[in-house]
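These notes concern the structure reproduced below.
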Amino acid sequence: MKEFYIETAVIEDAPQIAKLEEKRLVCPWSLAVIQKEIRENHLAQYLVLKVDSGEKKEIIGSVGYWKIGVEWSINNVVVSEEWEGQGLGTKLMEALISKAKQEGALQLMLEVGQSNKGAQRLYEKVGFFVNGRREDYYSGEGEAALLMCCLLGE
């Protein structure tokens, strides 16, 4: 039986996070950048979604974010293609929202590609709304990013 759980990433998780981002994101962060974020950036954290099959533990999703006072900025959200459509992205985002509320954050912010309708639906499902737009945000793609926000206050 497979067991899913979410925890804060440690440096040993960086290679799996980087590999997952490389497979799934238009603008993935390099292993070196992810390692630096985990090791050196006191504002940065990652939550990782792991599956334990009994034989091995594997990272199948992650969300990287910066805790900037009461505003948290989400940098990257990714779920393995093999595990898409099972509500795991929702679980990951709900875990982040819960953690943010517990730690006193008032809002979460992120950018999402205008054409990434699946991600937009996920974010809207957990309480985000569009509050702006950045033209030509994704370098090389020429694609605009929608700015989305989730208010956590009273």
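Couple of notes before you dig in:
- Which numbered condition residue 84 misses (of (1) charged (D, E, K, R); (2) closer than 21 Å to residue 15 by Cα; (3) loosely packed, with under 13 Cβ neighbours inside 10 Å): (3)
- So residue 54, is it under 13 Å from residue 2 (Cβ atoms) and either at pLDDT below 95 or outside any strand (DSSP E or B) (or both): yes
- The set of residues in the range 123-154 that are closer than 17 Å to residue 74 by Cα and touching a residue at least 40 places away in the same chain (Cβ under 8 Å) comprises 138, 149, 150, 151, 152.
- Selection from the range 131-154 of residues that are surrounded by 14 or more Cβ atoms within 10 Å (Cβ to Cβ) and either at pLDDT 95 or above or within 22 Å of residue 92 (Cα to Cα) (or both): 145, 146, 147, 148, 149, 150, 152
- Test: residue in the range 79-102 that is assigned to a strand (DSSP E or B), β-branched (Val, Ile, Thr), farther than 18 Å from residue 151 by Cβ and in contact with an Asp or Glu (Cβ under 7 Å, 6 or more places away or on another chain): no
- Just so you know, in the range 7-42 the residues that are of a type in the set (S, T, N, Q) and closer than 16 Å to residue 65 by Cβ include one that is nearest to the chain's Cα centre (by Cα), and it is 8.
- Residue 115 satisfies every condition listed in (1) over 28 Å from residue 4 (Cβ atoms); (2) outside any strand (DSSP E or B); (3) of a type outside the set (Asp, Glu); (4) in contact with a Cys (Cβ under 7 Å, 6 or more places away or on another chain) except (4).
The values are calculated or read from the model by the stated rules, or taken from the named source; none is laboratory data. Treat the numbers as computed from the prediction; the structure is a model and nothing was measured. All Cβ positions, glycine included, derive from the backbone under ideal geometry; neighbour counts span all protein chains shown.
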